[in-house]
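The values are calculated or read from the model by the stated rules, or taken from the named source; none is laboratory data. Only a predicted model underlies this, so the values are computations on that prediction, with no experimental measurement involved. Virtual Cβ from ideal backbone geometry, glycine too; neighbours counted across all protein chains shown.
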Amino acid sequence: MQKFIKTIFYILLLSPFNPFIGTSQTVLWQNDFSNPATWTINNNGQTGASFGWNINSSSQGWWSTTGISANGTSGGNNAELVNGNPTLSPGTQVLGVTYTMTTSAPINISALGGNNLVSLQFKQFGARFKDLQEIQISTDGTNFITVGDNLDYDILSPSGGAAYPNPETKTINLSQFLPNNPTAVWIRFS
């Protein structure tokens, strides 16, 4: 497994929302991984750049040495998820682990001028191998709910499947998961 998340990592205020005329979007919060300390990484006891999440400007994985295309964006680092190299004999993948990367501080959407009508938008590049990739949020920092995943992609294997576009912009509407005026929201990639 290897997945990159890059630069444009926004929570957008969707106001006013009108499906007939489109949606205006105001950026409430953004993070381009320039400061790795804004994220808490839990690599489930695994160490080294070949296992778990890392944040920097280069690729440590086996699958894509070029990383994510900035596609008009600039600045910041990549957040990269790697789980060993299955092309080696024997493969070096670790089974039964969950790697997480979580915002280290809550985001006060209400103080930023927003309400629960927000979306999470980010760019990603990677592929669905055998691992489940989930996007989760929490309003208490402890209990996380899954708001998105990679199950809309077929598994990339010698018999088929495809990588995500490079980059793919993914937008997840969070309004159904948030209270009216959220004051604390954590974002987690798992």
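Note down all Cβ pairs under 7 Å where the first residue falls in region 165-176 and is within 17 Å of V147 (Cβ to Cβ) and in contact (Cβ under 8 Å) with a residue 40 or more places away in the chain, the second is charged (D, E, K, R) and part of a strand (DSSP E or B), and they're at least six residues apart or on different chains.
What qualifies is E168/K123; T169/K123.
Among the residues of region 90-112 satisfying the criterion of being surrounded by fewer than 18 Cβ atoms within 10 Å (Cβ to Cβ) and farther than 16 Å from A184 by Cβ, which is nearest to the chain's Cα centre (by Cα)?
T98
Condition check ((1) modelled with pLDDT under 60; (2) assigned to a strand (DSSP E or B); (3) within 21 Å of V82 (Cα to Cα)) across all residues:
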{"residue": "K6", "(1), (2), (3)": "yes, yes, yes"}
{"residue": "L13", "(1), (2), (3)": "yes, yes, no"}
{"residue": "S24", "(1), (2), (3)": "no, yes, no"}
{"residue": "F33", "(1), (2), (3)": "no, no, yes"}
{"residue": "A37", "(1), (2), (3)": "no, no, yes"}
{"residue": "A49", "(1), (2), (3)": "no, no, yes"}
{"residue": "W53", "(1), (2), (3)": "no, yes, yes"}
{"residue": "S59", "(1), (2), (3)": "no, no, yes"}
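In this structure, does T146 turn out to be hydroxyl-bearing (S, T, Y) and at pLDDT below 85? Don't jump to the end; show me each part of the working.
Details: hydroxyl-bearing (S, T, Y): yes; at pLDDT below 85: no.
For T146, the condition - hydroxyl-bearing (S, T, Y) and at pLDDT below 85 - is not met.
What pairs can you find where one residue is in region 143-154 and more than 11 Å from K170 (Cβ to Cβ), the other is acidic (D, E) and in a strand (DSSP E or B), and their Cβ atoms are less than 8 Å apart, with a gap of 6+ or different chains?
T146/E134
Name, by its number, the condition in (1) without any contact (Cβ under 8 Å) to a residue 40 or more places away in the chain; (2) under 16 Å from Q30 (Cα atoms); (3) aromatic (F, W, Y) that does not hold for F122.
(1)
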